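Single-structure report; data block below.
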Amino acid sequence: MDQIEKQIEANKQAWSKLSKDHYIHYKEKLLRHELKLNPMVDAELGDIKGKKILHLQCNTGADSILLARKGALVTGVDLVPENIFYARQMAEDCKLDTLQFVESDILKLTDVHQGQYDIVLTSDGAIGWIPDLNQWGKVIAHFLKDDGFFYLHDGHPFMMIFDEDALDKGELVARYPYFKQTADLDDSIGGYAGEPMKADNYYWGHQLSTIVNGLLSGGLYITYIKEYDRCVSGMGGSTLDANGLCYYPELEGKLPLLLSLKAEKKS
Ligand SMILES: C[S@@+](CC[C@H](N)C(=O)[O-])C[C@H]1O[C@@H](n2cnc3c(N)ncnc32)[C@H](O)[C@@H]1O
């Protein structure tokens, strides 16, 4: 195993510790219809009824189910076998038969899955787990139909430089480098849908240029990039606005918390 493979394996082990808790957390909310698709994602995707969606890094399938409830035909993909087990269980609990789930490292998905999709989607805490965005761009392009689109909604790379505790106090303290060549090691994972767990894990803090160039190297055309000063819970800021989105009150309107982007495969 090379170093990246060892890091991916560590991430697989780390995420698997959270699977059962995430399933329990999201199942209750889904069965009570209390969980809503991220409103920014919902608005940008538009009408997805009848669309075939490949949902990358689906975890235990909560967002996959919300997409399916809007009429999409969803294939969720995740690295962790336990996540896939619980995602299938969750679809059954929600009495949906328009979803399927595939266990795979995103970068190796072409080895184990075939299909052509109208939309490939990844959101909220996804791309930092992917070490090579050039290969990622190629995988995304491979699974898109001609005239299909890729949609990304994830943490803004600019926010990766700030000290998290200082942000909570409304202060901007640059703590981490923006330009990184290697993964960051953390010894704790999760905490947004259950208790965090102790487990070594590796995170690649990508630059904006790395994201854009990865998609271009896959042959995709970027349609737009948007930046938001709001995010869903667990992605930064703990104060909720009227729409249930998080932000930092003292820094409102000053910081880009989230980035969204659409890219197309032209025929
Ligand atoms: C924060 S969660 C993403 C949750 C997401 N918001 C959703 O739509 O459900 C990150 C997910 O990425 C998965 N993951 C990490 N590395 C991966 C990889 N190389 N290939 C596929 N999935 C991966 C983890 O197992 C975890 O479920």
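We did not get these values from a lab; they are worked out from the coordinates using the rules stated. None of the values given here were measured: they were computed from a predicted structure. Using ideal geometry, Cβ is built from the backbone for each residue, glycine included, and neighbour counts are taken over all protein chains shown.
Would you be able to say whether some residue in the range 181-195 is acidic (Asp, Glu) and either touching a residue at least 24 places away in the same chain (Cβ under 8 Å) or at positive phi (or both)? So far as the range 181-195 goes, yes, one or more of its residues are acidic (Asp, Glu) and either touching a residue at least 24 places away in the same chain (Cβ under 8 Å) or at positive phi (or both). Within the range 41-62, take every residue that is under 20 Å from Asp93 (Cα atoms) and not hydroxyl-bearing (Ser, Thr, Tyr) and give me the one that is nearest to the ligand (Cβ to nearest atom). Only one residue tops the list, namely Asn59. If the condition is being among the hydroxyl-bearing types (Ser, Thr, Tyr) and either closer than 16 Å to Glu9 by Cα or out of contact with any Lys or Arg (no Cβ under 8 Å at 6 or more places or on another chain) (or both), then the range 76-107 contributes Thr98, Ser104. Filter the range 63-72 down to the residues that are more than 17 Å from the chain's Cα centre (by Cα) and either charged (D, E, K, R) or within 7 Å of the ligand (Cβ to nearest atom) (or both), then identify the one that is nearest to Ile24 (Cα to Cα). Among those that are more than 17 Å from the chain's Cα centre (by Cα) and either charged (D, E, K, R) or within 7 Å of the ligand (Cβ to nearest atom) (or both), it is Arg69. Once the range 73-87 is narrowed to residues that are near the ligand (Cβ under 10 Å from one of its atoms) and assigned to a strand (DSSP E or B), the residue that is surrounded by the most Cβ atoms within 10 Å (Cβ to Cβ) is Gly76. Taking the numbered list (1) charged (D, E, K, R); (2) surrounded by 15 or more Cβ atoms within 10 Å (Cβ to Cβ); (3) over 20 Å from the mean Cα position of the chain (by Cα) in turn, Glu264 passes all entries but (3). Filtering the range 239-255 to residues that are assigned to a loop (DSSP other than H, G, I, E, B) and surrounded by fewer than 16 Cβ atoms within 10 Å (Cβ to Cβ) leaves Asp241, Ala242, Asn243, Gly244, Glu252, Gly253, Lys254. Across the range 88-135, the qualifying residues are those that are free of Cβ contacts under 8 Å to residues at least 60 places away in the same chain and among the aliphatic types (A, V, I, L, M), and the one among them that is surrounded by the fewest Cβ atoms within 10 Å (Cβ to Cβ) is Val112. Considering each residue of the range 198-211 in turn, at least one proves to be of a type in the set (Gly, Ala, Ser), closer than 23 Å to Leu79 by Cα and not in a helix (DSSP H, G or I). Among the residues of the range 99-128, those that are near the ligand (Cβ under 8 Å from one of its atoms) and among the β-branched types (Val, Ile, Thr) comprise Ile106, Thr122.
Okay, residues lined up against (1) over 24 Å from Thr60 (Cβ atoms); (2) part of a helix (DSSP H, G or I); (3) touching a helix residue (DSSP H, G or I) at 6+ places or on another chain (Cβ under 7 Å):
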site: Gln100; (1), (2), (3): no, no, no
site: Leu121; (1), (2), (3): no, no, no
site: Asn134; (1), (2), (3): yes, yes, yes
site: Val139; (1), (2), (3): no, yes, yes
site: Asp146; (1), (2), (3): yes, no, no
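Those helices (runs of 4 or more DSSP H) of the range 3-57 in which 1 or more residues are under 17 Å from Val77 (Cα atoms) and touching a residue at least 12 places away in the same chain (Cβ under 8 Å) occupy 3-16, 19-31.
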